[in-house]
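The values are calculated or read from the model by the stated rules, or taken from the named source; none is laboratory data. Computed from a prediction, not measured in an experiment: that's the story for all the values here. All Cβ positions, even for glycine, are placed from backbone atoms using ideal geometry, and neighbour counts span all protein chains on display.
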Amino acid sequence: MKAAVVVFPGSNCDSDCWHVLNDVMKTEVEYVWHKETALPDVDLVVLPGGFSYGDYLRCGAIARFSPVMNAVMNHAEQGRPIIGICNGFQVLLEVGLLPGAMLRNRSLRFVCKHVYLRTENSETVFTNRLSSGEVLQIPIAHGEGNYFCDEKTLEELEAGNQIVFRYCSQAGETGASYNPNGSLAHIAGITNRKGNVLGMMPHPERASEDVLNAGDGRKIWESVLK
């Protein structure tokens, strides 16, 4: 598998993603600057976390107009996998590859900590190495991760089995006390209808190495490789 990590001005998790894909997963990977108008011949595209364009206007609102995004959208239309992590998720929402929007965290504060996620759909390209209901521990770091959509969209996400991860307790229970940002229906990650585009707020690249005593995120990369 070959992968590309898109770099925007203000990206700060691009090197983390590159390191995990190259050094941990032993996958061929390269950076793609936001001003490029084409992607290299790759299978996976990663939109990393950070603060693209300083998060001016709102998170991802300017990055969606980067020249490279036309190529990213074509990649999605071809059915090839794309994962947007944190700010990358926000960019996918802004460009319309995923439905919904991000609001400020319920606390109105930046939240940085480990959280638990329950696997809701284990049959996607990103979760086939997981089992349904499996709980992962993966860190978050965001100020605007409060996922929101209208009632109709939520019904469509539920009906299409597009909700991939929900915030939960260590035992897999959902509830307001386990939801770190107030996200609607405790949503932590969703896919498009085709299932080839995943947006998630938690950072699997920060939980992919035993040396960090955090390996749950590696299962997501292993799923894509499989």
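Numbers below:
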| item | result |
| --- | --- |
| Where a residue in segment 173-199 is touching a residue at least 40 places away in the same chain (Cβ under 8 Å) and closer than 16 Å to Asn87 by Cα and its partner, wherever it lies, is outside any strand (DSSP E or B) and of a type in the set (S, T, N, Q), with Cβ under 6 Å and at least six apart | Asn181/Asn105; Ile190/Gln162; Thr191/Thr124; Thr191/Gln162 |
| Strands (runs of 3 or more DSSP E) wholly inside segment 94-175 that include at least 1 residues being over 22 Å from Ser52 (Cβ atoms), in contact with a Phe, Trp or Tyr (Cβ under 7 Å, 6 or more places away or on another chain) and at pLDDT 95 or above | 111-119, 135-142, 163-168 |
| Condition met for Glu120 (surrounded by 17 or more Cβ atoms within 10 Å (Cβ to Cβ), closer than 21 Å to Val6 by Cα, of a type in the set (D, E, K, R) and touching a residue at least 12 places away in the same chain (Cβ under 8 Å)) | no |
| Residue match in segment 50-63 (condition: buried (at least 24 other Cβ atoms within 10 Å of the Cβ), in contact (Cβ under 8 Å) with a residue 60 or more places away in the chain, not charged (D, E, K, R) and not in a helix (DSSP H, G or I)) | yes |
| Of all residues in segment 190-226 being in a loop (DSSP other than H, G, I, E, B) and more than 15 Å from the chain's Cα centre (by Cα), the one that is nearest to Leu154 (Cα to Cα) | Arg193 |
| Segment 70-107 - residue that is among the charged types (D, E, K, R) and either in contact (Cβ under 8 Å) with a residue 24 or more places away in the chain or closer than 19 Å to Ser11 by Cβ (or both) and, of those, surrounded by the most Cβ atoms within 10 Å (Cβ to Cβ) | Glu94 |
| Residues within segment 184-220 that are surrounded by 22 or more Cβ atoms within 10 Å (Cβ to Cβ) and closer than 18 Å to Ala76 by Cα, tallied | 7 |
